[in-house]
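Below you'll find the structure, written out as structure tokens, and then a few comments.
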Amino acid sequence: MTAQLKVGDRAPAFTLKCNDGRLISLADFAGQKQVVLFFYSKDSSPSDAAEARQFRDALDRFKAMNTELIGISVDDILSHRVFEKENNLNFLLLSDTTKIVTQQYALLRREGYGSRGTFVVDKQGLLKAIFYQIKPETHLEEVIKSLKGGGAISNLPKLN
């Protein structure tokens, strides 16, 4: 089992394939942008689609704070492309088919898919905020607050 991440830890590095076929690394944004990594369980999940649309609708707010928004799941690129089109998404979707990155962020479930979790990474690559328990009605504003310097935020994951 992977150790729980804490605010202030270095965000686990990764390189994953994007929905458009490019390879994207967390290091691509180092020194340039904050990054919001939101992990979700499945492209076919209605609740995950709703969360992705909330992030989509707030993309201008993220851009105004010099922040890259990235969605990650264990689904493959073809599934991501359908998910992107069905939900009119306008941000990066990365495919973690090996499940290594999802495990590094302590979100891999026994069943083989990922749990929801959001990580705010500062320009230096450190975890600025961690959200393991997602409350859809308040989550977006919590993430925005953390980007604006609302202090270190972390909540513990639910026990399985």
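Here are a few things to note about the model shown:
- Within region 1-23, the set of residues being in contact (Cβ under 8 Å) with a residue 60 or more places away in the chain and more than 21 Å from ALA106 (Cβ to Cβ) comprises LYS17, CYS18, ASN19.
- Positions within region 53-98 being part of a loop (DSSP other than H, G, I, E, B) and under 21 Å from GLN32 (Cα atoms), in sequence order: ALA58, MET65, ASN66, ASN90, PHE91
- Filtering region 99-127 to residues that are among the β-branched types (Val, Ile, Thr), within 12 Å of ALA13 (Cα to Cα) and not in a helix (DSSP H, G or I) leaves only VAL121.
- The single condition among (1) at pLDDT below 95; (2) exposed (fewer than 15 other Cβ atoms within 10 Å of the Cβ) that ASN66 does not meet is (1).
- Annotation note: of LYS123, LYS128, the sole residue that is surrounded by fewer than 23 Cβ atoms within 10 Å (Cβ to Cβ) and not small (Gly, Ala, Ser) is LYS123.
One line per residue, one yes/no per condition, for (1) closer than 24 Å to ILE144 by Cβ; (2) surrounded by fewer than 15 Cβ atoms within 10 Å (Cβ to Cβ); (3) in contact (Cβ under 8 Å) with a residue 60 or more places away in the chain; (4) within 11 Å of the chain's Cα centre (by Cα):
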| site | (1), (2), (3), (4) |
| --- | --- |
| GLY71 | yes, no, no, yes |
| VAL74 | no, no, no, no |
| LEU78 | no, yes, no, no |
| LYS99 | no, no, no, no |
| TYR105 | yes, no, yes, yes |
| ARG110 | no, yes, no, no |
| ARG116 | yes, no, yes, yes |
| PHE119 | yes, no, yes, yes |
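- Residue satisfying all of: in region 3-52; in contact with a strand residue (DSSP E or B) (Cβ under 9 Å, 6 or more places away or on another chain) and part of a helix (DSSP H, G or I); surrounded by the most Cβ atoms within 10 Å (Cβ to Cβ) among these: ALA52
- Test for LEU37: is it touching a Phe, Trp or Tyr at 6+ places or on another chain (Cβ under 7 Å) and under 15 Å from VAL120 (Cβ atoms): yes
- The residue pairs whose first member lies in region 122-134 and is at positive phi, whose second member is assigned to a strand (DSSP E or B) and hydrophobic (A, V, I, L, M, F, W, C), and whose beta carbons are closer than 9 Å, counting only pairs six or more residues apart or on different chains, are GLY125/VAL35.
The values are calculated or read from the model by the stated rules, or taken from the named source; none is laboratory data. Bear in mind the structure is a predicted one, so any value in this text is a computation, not a measurement. Neighbour counts run over all protein chains shown; Cβ positions are idealised from the backbone, glycine included.
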